[in-house]
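Please read the structure below before turning to the comments.
The values are calculated or read from the model by the stated rules, or taken from the named source; none is laboratory data. Given the structure is predicted, the values throughout are model-derived calculations rather than measurements. As a convention, Cβ positions derive from the backbone with ideal geometry for all residues, glycine included, and neighbour counts pool all protein chains shown. For accessibility, only protein heavy atoms count, side chains too; no ligands or nucleic acids. Shrake-Rupley method; radii C 1.70, N 1.55, O 1.52, S 1.80 Å.
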Amino acid sequence: MVTLLMLAHTVSAAEIAVVDRLAYQLGPGDSVKVDVVGEADMSGVFRIRGDGFAELPYAGKVSLQGLNLDQASAAIRDALGTVLVRPQVVVTVETYGARRVDVDGIVAKPSTYWLDQGRTTVSQMIVRAGGLSDPTAPRAIVFRDVGGMPTPIPIDLDRINVGDVTADIELRAGDRLYVPPVESVYVEGQVSKPGAIAYRDGMTVTQAIAQGGGALGTARRAGVYIMRGGEKIPVNLKRIQAGEDADIVLRPSDHVYIPESAF
């Protein structure tokens with residue numbers, strides 16, 4: 001099944017330029033390149049300060065916060081109107097610092113991205129980052145500043161992939177979106193499909209065996225065990241399936257071994 005998170009986002013350079021000029025709102029931390037045609041001493045790269053103003057030669061302080069690039073060009077053109085007749089001004093973004101989101105982990109294009117005007121969700125940002133390099137990834141983490149401390153917010157990608165919009169939270173300026181590498185557990189022995197299985201939080205022995213295709217008729221269900229590091233943990237699969245024992249929650253890198261029955 002092809003999911004939204006598997007898709008790569010392809011947008012032409014021309015489309016990006018249009019989106020940037022019309023949708024991106026400037027803010028404190030951004031640096032803008034101002035080109036005043038024919039006036040090198042009025043042109044340059046300027047940073048938008050915390051109060052939303054940029055200090056420009058001849059124009060003085062110009063408020064740029066909340067403006068898109070065309071509006072910023074007009075604002076600077078108006079400010080220069082006292083010293084130039086019909087100045088031609090072009091503003092572009094030199095560095096994005098205001099509504100940035102850092103995206104890293106197992107995405108195709110880890111980088112710093114910026115939030116467009118309106119709502120941008122986790123899945124939309126993953127698509128912008130080229131999609132997941134491993135589509136089996138079950139989770140992501142959004143790190144968000146809360147009271148000056150980076151606070152992790154767990155994201156269930158499995159829920160997003162089945163259309164649960166409540167799991168697909170809106171990103172905020174300054175967030176870091178991290179998709180960790182897929183962890184595995186291993187099911188070996190008398191199962192239909194032995195091998196590695198993508199680990200999900202809370203995965204149990206019976207769930208892992210089911211994903212391995214189920215135990216074969218030759219399996220000795222009372223003799224199952226987990227290898228966890230150097231520890232051997234006995235598991236009575238027969239009693240678990242009968243509801244007599246509690247299922248056992250696995251950890252990443254666990255090996256579940258289902259031996260063959262002697263009969």
| message | Taking θ = phi - 60°, what integer Hz values does the Karplus form 6.51 cos²θ - 1.76 cosθ + 1.60 yield along the range 201-214, in sequence order, with x for Gly and Pro? | response | 3, x, 4, 10, 4, 5, 5, 5, 5, 4, 5, x, x, x
| request: Return the FRET efficiency for the residue pair residue 37, residue 63: r is the Cβ-Cβ distance, R0 is 30 Å, and the value is rounded to the nearest 0.05. | output: 0.85
| How large is the accessible surface per residue of the chain, computed with a 1.4 Å probe and reported in Å² as a whole number? | 52
| message | Residue by residue through the range 246-251, what is 3J(HN,Hα) from phi via Karplus (6.51 cos²θ - 1.76 cosθ + 1.60, θ = phi - 60°)? Round to whole Hz and write x for glycine and proline. | response | 6, 5, 10, 7, 8, 10
| task | Just the number, please: percent antiparallel of the DSSP beta bridges in the chain, rounded to the nearest 5. | result | 85
| task | Once you have a ≥ b ≥ c as the square roots of the Cα gyration tensor eigenvalues for the range 186-233, tell me rounded if a/c is under 1.5, and otherwise prolate or oblate according to whether a/b is larger than b/c. | result | oblate
| said: Below 8 Å between Cα atoms, with a sequence gap of 6+, how large is the relative contact order for the chain in percent? | reply: 15
| Solvent-accessible area of residue 109 with every protein chain in place, 1.4 Å probe, in Å² to the nearest 10 | 100
| Heavy-atom accessible area ranking, 1.4 Å probe, most first, across 123, 253, 184, 63 | 253, 63, 184, 123
| Using +1 on the beta carbon of Lys and Arg, -1 on that of Asp and Glu, and nothing else charged, what's the dipole of the range 159-263 about the Cα centre, debye to 20? | 280
| task | Among 250, 120, 142, pick out the residue whose Cα is farthest towards the positive end of the charge dipole of the range 106-263, where Lys and Arg carry +1 and Asp and Glu carry -1 on C-beta, about the Cα centre. | result | 250
| Considering the chain as a Gaussian network with a 10 Å cut-off on Cα pairs, which listed residue, 240, 106, 48, attains the greatest mean-square fluctuation? | 240
| task | Using the charge dipole of the chain (Lys, Arg: +1 at Cβ; Asp, Glu: -1 at Cβ; taken about the Cα centre), state which of 186, 237, 31 has its Cα farthest towards the positive end. | result | 237
| If you rank 216, 171 by how much accessible surface each has, with a 1.4 Å probe, what is the order from largest down? | 216, 171
| If ligands, DNA and RNA are left out, what is the accessible area of residue 149 with a 1.4 Å probe, given in Å² to the nearest 10? | 120
| Charge dipole (debye, nearest 20) of the chain; +1 at Cβ of Lys and Arg, -1 at Cβ of Asp and Glu | 400
| field | Rounded percent of accessible protein surface that carbon and sulfur make up, the chain, 1.4 Å probe | value | 53
| message | Give me, ordered by chain and number, the residues 5 or more places off residue 216 or on other chains with an amide H under 5 Å from its own placed amide H. | response | 191, 192
| query | Against the longest alpha carbon principal axis of the chain, how many degrees, from 0 to 90 and to the nearest 10, is the axis of helix 69-79 turned? | reply | 20
| task | Kindly state, to the nearest 0.05, the FRET efficiency for residue 245 paired with residue 109, given R0 = 41 Å and r defined as their beta-carbon distance. | result | 0.30
| request: Determine the shape class of the chain: with a ≥ b ≥ c the square roots of the Cα gyration tensor eigenvalues, call it rounded for a/c under 1.5, and otherwise prolate if a/b is greater than b/c, oblate otherwise. | output: prolate
| Could you give the angle, 0 to 90 degrees to the nearest 10, between helix 13-23's Cα long axis and the longest principal axis of the Cα atoms of the chain? | 70
| remark: Rounded to the nearest 5, the percent of DSSP beta bridges in the range 108-263 running antiparallel is 85
| note | Reported to the nearest 10 Å², residue 176 has, with a 1.4 Å probe, an accessible area equal to 90
| task | Starting from the amide H of residue 105, placed 1.01 Å from N in the peptide plane, find each other amide H under 5 Å away whose residue is 5 or more places distant or on another chain. | result | 179
| From phi via Karplus (6.51, -1.76, 1.60), per-residue ³J(HN,Hα) for the range 149-166 in Hz, x at Gly/Pro | 10, x, 10, x, 10, x, 10, 8, 5, 4, 5, 4, 5, 9, x, 7, 5, 5
| task | Mind listing the long-range amide H neighbours of residue 247? Cut-off is under 5 Å, sequence gap 5 or more, other chains count too, H placed in the peptide plane at 1.01 Å from N. | result | none
| remark: With all protein chains present and a 1.4 Å probe, the order of 46, 143 from largest accessible area down is 143, 46
